[in-house]
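Here is the structure we will look at, set down as structure tokens.
The values are calculated or read from the model by the stated rules, or taken from the named source; none is laboratory data. Predicted, not measured: the structure shown is a model, and the values here were computed from it. Backbone-built Cβ (ideal geometry, glycine too); neighbour counts: all protein chains shown. We work out accessible area using only protein heavy atoms, side chains counted, and drop any ligands, DNA or RNA first. Shrake-Rupley method; radii C 1.70, N 1.55, O 1.52, S 1.80 Å.
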Amino acid sequence: MSKLHIKKGDTVQVLAGEDRGKQGRVLSVNAEKQRAIVEGVNMVTKHTKPNAKHPQGGRIQMEAPIHISNLSLLDPKSGKPTRVGYRMEGEKKVRFAKKSGEEI
């Protein structure tokens, strides 16, 4: 299992697929399957029976996981997609945007 460049709470842009160009916040990451759930991206319709959360039941729109390779982190300075680098600052390992050098 490899280290992922995207974490929960990051703002990302979709690089490939039906939702190409869309941006959103990462809600969760599954490192084992290398997939992430992004807010408002890769929406699917799920049919549910009535339950406590949805007493009416019916069709519910929800986000489906998308592969990490189709996502790129957004540069905090310019708001454009960037690659992620790692560097040591003292004893702490930090991520930074390769485009601007800004710490993430």
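Scanning the stretch 31-70 for residues that are part of a loop (DSSP other than H, G, I, E, B) and acidic (Asp, Glu) yields 32, 39.
Applying the condition of being under 17 Å from residue 82 (Cβ atoms) and among the hydrophobic types (A, V, I, L, M, F, W, C) to the stretch 1-28 and asking which residue is most open to solvent (accessible area, probe 1.4 Å) yields 15. Among residues belonging to the stretch 69-104 that are in contact (Cβ under 8 Å) with a residue 24 or more places away in the chain and hydroxyl-bearing (Ser, Thr, Tyr), point out the one that is farthest from residue 26 (Cα to Cα). Among those that are in contact (Cβ under 8 Å) with a residue 24 or more places away in the chain and hydroxyl-bearing (Ser, Thr, Tyr), it is 100. Of all residues in the stretch 29-76, how many are open to solvent by less than 60 Å² (accessible area, probe 1.4 Å), small (Gly, Ala, Ser) and more than 29 Å from residue 101 (Cα to Cα)? Of the residues in the stretch 29-76, 3 are open to solvent by less than 60 Å² (accessible area, probe 1.4 Å), small (Gly, Ala, Ser) and more than 29 Å from residue 101 (Cα to Cα).
For beta carbons closer than 7 Å, sequence separation of 6+ or different chains, a first residue in the stretch 8-30 that is in contact (Cβ under 8 Å) with a residue 12 or more places away in the chain and a second that is β-branched (Val, Ile, Thr) and open to solvent by 60 Å² or more (accessible area, probe 1.4 Å), the qualifying pairs are 23/11; 25/11.
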